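Single-structure report; data block below.
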Amino acid sequence: MTLSAATPKPPATPRRLDPEDAQHALAEVQECLRRQHLVEDLVHRQEQGDDKAHLVEDLVHRQHEAELATLINGLHPADIAFILESLPKDERQTVWRLVSTEHDADVLIEVEDWVRESLIEAMDRQDLVAATGSMDADELADLAPDLPPDVVAEVQKGLTEEERAQLLEAMGYPEDSVGAIMDFEMVRVREDVSLEVVLRYLRRLHELPDHTDQIFVVDRQDKLQGVLPIATLLVSEPDTEVRAVMNSDFLTLGPLDSDADAASAFERYDLVSAPVTDEQGRLIGRVTIADVVDVIQEDSQEQALSRAGLQEEDIFAPVLMALRNRAPWLLFNLCTAATASFVASRFEDTVSHIVILAFLMSIVAGIGGNSGNQTMTMIIRALAVGRITGRNLWPLVKREMLVTLLVGLCGSLVAALFAWAISDSLSIAVVMMGAMICNMLVGASVGVMVPMLRARFGKDPAIGSSVLLTFATDSLGFFIFLGLATVFLL
């Protein structure tokens, strides 16, 4: 079949870049900004009253802005967000002013929270209302904490009663719950209609909601009765009733369920979407794989920062703000390091008699820390996906200790040979071997206990875990090694 010349072409959409292309676009933006700053500096060196110089500056500035605007607005909103996150605040604001208004809403949704705040600060009230007025209720609920209250109130006036109720409902759920990430766009049908009726209904829609892999079957009270996969709808006879082909065995989520639990369910059952029901079994929303991917990414980033005792921050944040974020745990780390040094100083006589110990004790502490870090990573991961229970905790602890003991035996043999080679003393080698095994067991114990205890008391098991582990393996590592050396070598 050929299309006639009069057939309209679909509207062009911004292309999505792969990571390397996005980085290339970032480099182009930075180069354009650099050239703009260079011209401004050159013009400012001219005499203040030189009108020609200021005219040249204005023309070049407009040229660079046009170049930047063309480059930026040809990108996908997710890639625009990546570029904004990668620029210092002043350059970020310069680029943000050039982003087309049609991309404002999508970019605000895509950027990280710490960037979104600075973008919203740079927008006037009218622009904010225009950008947020086109958002769905679930998207607006995500942004509401960062928006001025009067803007939220103004946007609510333009919503329908149903959309306003959805917005208030979404804003009422805890941040890390399923209700906070669910969306309200979904297709629902009754069980007593034929598939032909369903198909006609779908054809009347402008488009299906994103990630629609199944249609939800409800009764007149909106209670969920089953799900109708799109694949089943397409291959079944049109005159078949929905109740005859719908799946009655399906997974549902509650709005107060943890979003991490929802992510685990999606991973376990290879889901694309899942319905969210209230306590009465009424369908109130759905969660899609796109929402789950965001949750997984955010949790991964939070864990990586938490293990170092950090909170999420703008990489170009002011120095004082970064200092408040990083200083507390660094000061705590300083105290732990001082404690380890104090422990080592108590064995001054031992070290002064056998100087080679000063070079070997860092190996004992380092290997113990690395071993404990492996165990801690495994435990934190198992806690995150819900694999640790009261029944399997003790077997898990015994397994980790056995694995650490076996690895310690192998590694300590190598370390003992090294100590023997540089000290020419079999006694030092044996002490090195025993101290390393003991400190690796210490690291494994701390690697299990710290995350478990924090989880037990409802705290993030990853926060500051590496700092506490380093404190234990350094202090006890020095104590064990130098203590054994004092007992057996002097």
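Summed over region 101-117, the residues that are open to solvent by 30 Å² or more (accessible area, probe 1.4 Å) and touching a residue at least 12 places away in the same chain (Cβ under 8 Å) give a count of 8.
Within region 122-148, being under 27 Å from the mean Cα position of the chain (by Cα) and open to solvent by 70 Å² or more (accessible area, probe 1.4 Å) holds for Ser134, Asp142, Pro145. For Phe471, the conditions (1) open to solvent by less than 50 Å² (accessible area, probe 1.4 Å); (2) within 23 Å of Leu360 (Cα to Cα) all hold with the exception of (1). Taken over region 154-165, the criterion of being open to solvent by 50 Å² or more (accessible area, probe 1.4 Å) and not acidic (Asp, Glu) is satisfied by Lys157, Gly158, Thr160, Arg164, Ala165.
How about region 352-362: which of its residues are assigned to a helix (DSSP H, G or I) and surrounded by 18 or more Cβ atoms within 10 Å (Cβ to Cβ)? Within region 352-362, Leu357, Leu360, Met361 qualify. Across region 377-433, the number of residues qualifying as of a type in the set (S, T, N, Q) and over 31 Å from the mean Cα position of the chain (by Cα) comes to 4. Among the candidates Asp239, Asp249, the residue that is part of a loop (DSSP other than H, G, I, E, B), of a type in the set (D, E, K, R), in contact (Cβ under 8 Å) with a residue 24 or more places away in the chain and over 23 Å from Thr160 (Cβ atoms) is uniquely Asp239. Against the definition (in contact with a Lys or Arg (Cβ under 9 Å, 6 or more places away or on another chain), open to solvent by 80 Å² or more (accessible area, probe 1.4 Å) and either touching a residue at least 24 places away in the same chain (Cβ under 8 Å) or basic (Lys, Arg) (or both)), how does Arg391 come out, yes or no? No; evaluated as a whole, the condition is false for this residue. Scanning region 451-490 for residues that are of a type in the set (A, V, I, L, M), part of a helix (DSSP H, G or I) and under 37 Å from the mean Cα position of the chain (by Cα) turns up Met452, Leu453, Ala455, Val467, Leu468, Leu469, Ala472, Leu476.
Criterion first (more than 30 Å from Ile296 (Cα to Cα), among the basic types (Lys, Arg) and not in a strand (DSSP E or B)) does Arg203 satisfy it? Criteria met by Arg203. For region 256-272, a residue qualifies if it is open to solvent by 20 Å² or more (accessible area, probe 1.4 Å) and over 13 Å from Asp294 (Cα atoms), and the qualifying residues are Leu256, Asp257, Ser258, Asp261, Glu267, Arg268, Tyr269, Asp270, Leu271, Val272. Every residue in region 394-426 that is modelled with pLDDT of 90 or more, in a loop (DSSP other than H, G, I, E, B) and open to solvent by 60 Å² or more (accessible area, probe 1.4 Å), please. Across region 394-426, there are no qualifying residues.
The values are calculated or read from the model by the stated rules, or taken from the named source; none is laboratory data. These figures come from a predicted structure and were not determined experimentally. Quick reminder, even Gly has a Cβ in these numbers, built from the backbone with ideal geometry, and neighbours come from all protein chains shown. When the accessible area is computed, the model is the full protein with side chains, heavy atoms only, and any ligands, DNA or RNA have been set aside. Shrake-Rupley method; radii C 1.70, N 1.55, O 1.52, S 1.80 Å.
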